[in-house]
Amino acid sequence: MGRASRLGTALALGLVTSSCGGASAGSSGAAGASGAAGTSGSAGTSGSAGTSGSAGTSGTAGTNGIAGTSGTATYGQPYTGGQYNLGPVDYAETQFHNACAPGTKYAPAIQQEEGTLLAGLWGGIPNVAGYCDACISVTTAMGRTALLRVVTYGDTTTNSIDVSPEAYAILNNNEYPRSMTWQFAECPATGKINYEFQTASSEYWTSLWVRNARVPLANVEVTSPNHAAFFALTRGTDGTLTDAGGFGKGSFTIRLTGVDGQVVSDTFAWPAAGVGGQTLDGQGNFQ
């Protein structure tokens, strides 16, 4: 990272230097409508799992479970003409901050669920922050494949990606250029959806990340004491979803709509200590 072929031109997120730009972790980061997660929710041609429904010979990835892409549903257009590069993209942020993370980095529990096969996207993709924590299916010109989790974005060549060392080890065959195509895809089933609230969140200003959703999000809405009908949250450049007027103090329901039309809703009582800095687990995930 740090040169034209890599995601990382010292963009800032909060007080942390970032290769893959983002808004400050404590701000509302209003950068577009909620759920701008893609133009197409239809499954791609590779979306069928096959008669046996198995993930294919490349489908296992040990504890992270996301190395293979065979039988994985895909969404929207393929992104072509780019290359994959060793960022490195990592949770430790050894060189740059991840644009989809708070200033305190990804929480260990979220890291465990989302795995270590990570990617950073080209920042020129429309509404790119809407894809924080989504997955992409990558196929190299040499025929190697991997299913990667998006944790950042920033400056690189058109449609190129930066990846984690673990992802690079799967994709790389000592070729150059490292040509590949990628497409948004269904994430593996690694647990429930998590709602990670910013530390400054309260009933008066409420902001959160949606973590570990299996499908890219098209819309995120809430009903709460301040909203009798579902109200769309605003997507920030750091991937947060914000209600600038706050949920109000009391029980609330968050409704997620995936790009494929699936809907997941979770209802929570207001935590006794408030929502600031809390991570609340949903009841399930997209299918």
Q.
Need the failing condition index for Ala229 against (1) outside any strand (DSSP E or B); (2) more than 15 Å from the chain's Cα centre (by Cα), just the number.
A. (1)
Q. Which one of the conditions (1) in a loop (DSSP other than H, G, I, E, B); (2) under 21 Å from Tyr195 (Cα atoms); (3) without any contact (Cβ under 8 Å) to a residue 40 or more places away in the chain; (4) not aliphatic (A, V, I, L, M) does Cys100 fail to meet, given that it meets all the rest?
A. (3)
Q: Could you please let me know if Thr253 is touching a helix residue (DSSP H, G or I) at 6+ places or on another chain (Cβ under 6 Å) and either in contact (Cβ under 8 Å) with a residue 60 or more places away in the chain or hydroxyl-bearing (Ser, Thr, Tyr) (or both)?
A: no
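Here is a yes/no grid of residues against (1) surrounded by fewer than 20 Cβ atoms within 10 Å (Cβ to Cβ); (2) of a type in the set (Gly, Ala, Ser):
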| position | (1), (2) |
| --- | --- |
| Asn194 | no, no |
| Phe197 | no, no |
| Trp205 | yes, no |
| Leu208 | no, no |
| Ala228 | yes, yes |
| Phe231 | yes, no |
| Arg235 | no, no |
| Asp238 | no, no |
Q.
Filter segment 220-245 down to the residues that are touching a Ser or Thr at 6+ places or on another chain (Cβ under 6 Å) and more than 27 Å from His97 (Cβ to Cβ) and list them by number.
A. Thr223, Phe230, Ala232
Q) Among (1) surrounded by fewer than 20 Cβ atoms within 10 Å (Cβ to Cβ); (2) within 17 Å of the chain's Cα centre (by Cα); (3) in contact (Cβ under 8 Å) with a residue 60 or more places away in the chain; (4) within 22 Å of Gly261 (Cα to Cα), which single condition is Ala129 missing? A) (1)
Q: Give me the pairs, please: first residue somewhere in segment 265-284 and in the same structural domain as Asn219 (by TED's automatic domain parsing), second residue anywhere and part of a loop (DSSP other than H, G, I, E, B) and among the acidic types (Asp, Glu), beta-carbon distance under 9 Å, and either six or more positions apart or on two chains.
A: Trp270/Glu203; Gly274/Glu203; Val275/Glu203
Q: Find the residue count for segment 142-196, including only residues that are of a type outside the set (Val, Ile, Thr), within 19 Å of Gly130 (Cα to Cα) and outside any loop (DSSP other than H, G, I, E, B).
A: 13
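The values are calculated or read from the model by the stated rules, or taken from the named source; none is laboratory data. These numbers come from a predicted model, not from an experiment. Please note: Cβ atoms are built from the backbone with ideal geometry, for glycine as well, and neighbour counts cover all protein chains shown.
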